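The values are calculated or read from the model by the stated rules, or taken from the named source; none is laboratory data. Worth saying up front: this structure is predicted, and the values here are computed from it rather than measured. Cβ: placed from backbone, ideal geometry, glycine included. Neighbour counts: every protein chain shown.
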Amino acid sequence: MSRAAIASWGLLAAAIVAEVCATATLKANAAGFRWPLAAGAVAGYAASLACLSLALRHIGMGTAYATWSGCGIALTVLIGALRFGEPLSGAQCVSLALVAAGVVGLQAAAR
């Protein structure tokens, strides 16, 4: 794998982290609206989209988007349960495993 491709995967990871942080910030802001948190969420989403667009230079669009959205879903659900006390049922855990399997399957099929 080339250095550019490795860097693209790093950018994709950064896009995922920024998106998940922005979403968690929105949840934290739900208790009582505060402009600094809202601005932080907007900045997080902007950073996420910027990193995702740069990652698309060396990663296929389907693979990148499936990875970004699938990992974002899984991490957001886990943060919701661990940080915000949202319920996490067995069915949700199975569903998260299926999302992960789909992401891995799409990546494997793209090679």
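Couple of notes before you dig in:
- ALA30 out of contact with any Ser or Thr (no Cβ under 8 Å at 6 or more places or on another chain), surrounded by 13 or more Cβ atoms within 10 Å (Cβ to Cβ) and either in contact (Cβ under 8 Å) with a residue 60 or more places away in the chain or closer than 29 Å to GLY85 by Cβ (or both): no
- Test: residue in segment 65-72 that is surrounded by 18 or more Cβ atoms within 10 Å (Cβ to Cβ), over 14 Å from LEU11 (Cα atoms) and free of Cβ contacts under 8 Å to residues at least 40 places away in the same chain: yes
- Within segment 1-16, if we keep just the residues that are aliphatic (A, V, I, L, M) and surrounded by fewer than 17 Cβ atoms within 10 Å (Cβ to Cβ), the residue that is farthest from the chain's Cα centre (by Cα) turns out to be MET1.
- Some residue of segment 7-20 being under 24 Å from LEU98 (Cβ atoms), modelled with pLDDT of 95 or more and aromatic (Phe, Trp, Tyr): yes
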